[in-house]
1. When we measure straight from the Cα of LYS3, which aspartates and glutamates land under 19 angstrom away, once same-chain ones fewer than 8 places off are left out?
2. How would you rank HIS51, HIS181, going from fewest to most other Cβ atoms within 10 Å of each one's own Cβ?
3. What does DSSP give for segment 37-193 in terms of the percent of beta bridges that are antiparallel, rounded to the nearest 5?
4. Considering segment 1-58, what Rg and Dmax in Å follow from its alpha-carbon atoms?
5. Restricting attention to the alpha-carbon atoms of segment 1-108, what are Rg (one decimal) and Dmax (integer), both in Å?
6. To the nearest Å, what is the center-to-center distance of segment 136-159 and segment 10-79, using C-alpha atoms only?
7. Ranking GLU175, GLU39 by Cβ neighbours within 10 Å, fewest first, what do you get?
8. Consider just the alpha-carbon atoms of segment 110-155 and return their Rg together with their Dmax, both in angstrom.
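Nothing in this text is a laboratory measurement; each read-out follows from the coordinates by a stated rule. All values derive from a computational prediction rather than experimental measurement. Cβ coordinates were reconstructed from backbone atoms using ideal geometry, including for glycine residues, and neighbour counts include every protein chain displayed.
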Amino acid sequence: MRKLVYYVAVSIDGFIAGPGGEFDFYPEAPDMVEYLRAEFPETMPTPMRPHLGLDGVPNKRFGAVIMGRGSYQPGLDAGWTSPYAHLRQYVVSRSLPEIADPAVELVPEDPIRLVRRLKAEDGEGDIWLCGGGLLAGQLLPEIDELILKRYPVVAGGGVPAFAEGFRPRPFAPVETLTFSHGGTVTTYRPTAA
């Protein structure tokens, strides 16, 4: 069965974006960038892949991506109607009336039903939950793995990694990698309560 993996960047204080959706405040380190490029090439937007030397590089981990409107909007603002054309793309939103690009499926209904359907399908690769915090909060019971790219910066406010009320669910770290600027990539899996 395919897994739902929440792979996301977070600040030290647990924010995935600033109050206006900003995400350019994360400090970069070449060794972390290279690791992410090598291990998660499909998480790089299609228009950027040629510039990153990823043109024609096959998907390594994910076959589909699910995102909320806030995660989809920056691509739209840049003119990218299909930001991850190398993946099956789903946008969960009740506020978008339609998506003009046939490569992107608009999902206005219950995201849990979507995830359960995708998990049950025969498909290549896991399902990447790209964000945002509200969608991640709604899908928390379905998350099979967390991969947090924690950057050494305090945001002080913005979009939390999970924003759907108080619903504790235990996870255990299974691997942590540390990079030259102090940032980490930690993989977590659910544990019994």
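1. Cross-link targets: GLU39, GLU42, ASP110, GLU121, ASP122, GLU124, ASP126, GLU142, ASP144, GLU145, GLU175.
2. Exposure proxy ranking, most exposed first: HIS51, HIS181.
3. In segment 37-193, approximately 45 percent of DSSP beta bridges are antiparallel ones.
4. 13.4, 36
5. Cα radius of gyration and Dmax of segment 1-108 are 14.4, 41 Å respectively.
6. Each part's Cα centre sits 14 Å from the other's.
7. Ranked by crowding around the Cβ, least crowded first: GLU175, GLU39.
8. Every Cα atom of segment 110-155 included, Rg and Dmax give 12.7, 40 Å.
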